[in-house]
Amino acid sequence: MDRIPITKEGFQKIKEELDRLKTKERKDVVEAIKEARAHGDLSENAEYDAAKDRQGMLEAKIAELESKMSKFEVIDTKNLKGDKVVFGATVKIENVETDEIKEYRIVGPDESDISKGDISVLSPLARALVGKKVGDETVVNAPGGEIEYEIVEINFE
């Protein structure tokens with residue numbers, strides 16, 4: 001069984017989502033099914049069918065999250081330090097060609113969110129950065145072609 005790295009914060013968010021799905025969402029679906037049953041003939045009851053579909057999707061999501069949680073390897077990034085890029089590091093990089101500077105935090109695949117600057121440790125960019133030091137250059141194979149970056153700064157928050 002492969003372990004999936006995740007930060008403590010990411011694990012907590014997924015745990016809270018699972019708890020919400022199991023408590024609030026399950027109750028809501030059961031109530032919707034009960035209400036739809038009260039409308040009579042189930043063979044032509046669209047509300048009942050929709051509620052049962054919703055229940056099926058909910059249970060599948062719960063099963064998926066429970067399965068993933070058993071594979072998570074929770075990493076406390078607060079104790080990390082060093083001079084190399086590792087899981088949990090925040091890395092400031094500069095595009096060598098355009099001088100554009102970007103900042104990314106390397107996190108687990110289930111907590112990545114590019115809009116917040118969180119990239120998956122499994123992404124091509126993170127793979128190219130891991131193990132590098134400030135001043136190192138690396139080439140990333142992006143959909144638009146190869147991009148060369150220089151590592152400007154590494155932080156552990």
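The values are calculated or read from the model by the stated rules, or taken from the named source; none is laboratory data. For clarity, every value in this text was computed on a predicted model and none was experimentally measured. All Cβ positions, glycine included, derive from the backbone under ideal geometry; neighbour counts span all protein chains shown. These accessible areas exclude ligands, DNA and RNA; they are computed on the full protein's heavy atoms, side chains included. Shrake-Rupley method; radii C 1.70, N 1.55, O 1.52, S 1.80 Å.
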Are any of the residues in segment 74-81 surrounded by 14 or more Cβ atoms within 10 Å (Cβ to Cβ), at pLDDT 95 or above and not aliphatic (A, V, I, L, M)? no
Residue match in segment 45-53 (condition: in contact (Cβ under 8 Å) with a residue 12 or more places away in the chain and either within 28 Å of VAL121 (Cα to Cα) or of a type in the set (Lys, Arg) (or both)): yes
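Just to be sure, is ALA63 of a type in the set (A, V, I, L, M, F, W, C) and buried (at least 17 other Cβ atoms within 10 Å of the Cβ)?
Working: of a type in the set (A, V, I, L, M, F, W, C): yes; buried (at least 17 other Cβ atoms within 10 Å of the Cβ): no.
No; evaluated as a whole, the condition is false for this residue.
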Any helices (runs of 4 or more DSSP H) falling wholly within segment 1-89 and containing at least 3 residues that are within 19 Å of the chain's Cα centre (by Cα) and not assigned by the TED database to the domain that holds GLY108: 8-20, 46-71
Checklist (1) touching a helix residue (DSSP H, G or I) at 6+ places or on another chain (Cβ under 6 Å); (2) more than 30 Å from ALA128 (Cβ to Cβ); (3) at pLDDT 95 or above applied to LEU42, failing item: (3)
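If you scan segment 91-120, which residues turn out to be in contact (Cβ under 8 Å) with a residue 60 or more places away in the chain, open to solvent by less than 30 Å² (accessible area, probe 1.4 Å) and part of a loop (DSSP other than H, G, I, E, B)?
First, pick out the residues of segment 91-120 that are in contact (Cβ under 8 Å) with a residue 60 or more places away in the chain: 91-92, 107-111.
With open to solvent by less than 30 Å² (accessible area, probe 1.4 Å) added as a condition, the list becomes 91, 107-108.
The one that is in contact (Cβ under 8 Å) with a residue 60 or more places away in the chain, open to solvent by less than 30 Å² (accessible area, probe 1.4 Å) and part of a loop (DSSP other than H, G, I, E, B): GLY108.
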Subset of segment 121-137 [of a type outside the set (A, V, I, L, M) and either under 12 Å from TYR104 (Cβ atoms) or surrounded by fewer than 19 Cβ atoms within 10 Å (Cβ to Cβ) (or both)]: SER123, PRO124, ARG127, GLY131, LYS133, GLY135, ASP136, GLU137
Enumerate the pairs (first residue in segment 1-15 and over 20 Å from ASN79 (Cα atoms); second residue anywhere and open to solvent by less than 80 Å² (accessible area, probe 1.4 Å) and of a type in the set (Ser, Thr, Tyr)) with beta-carbon separation below 9 Å, excluding pairs fewer than 6 apart on the same chain, so at least 6 apart or on different chains. MET1/SER70
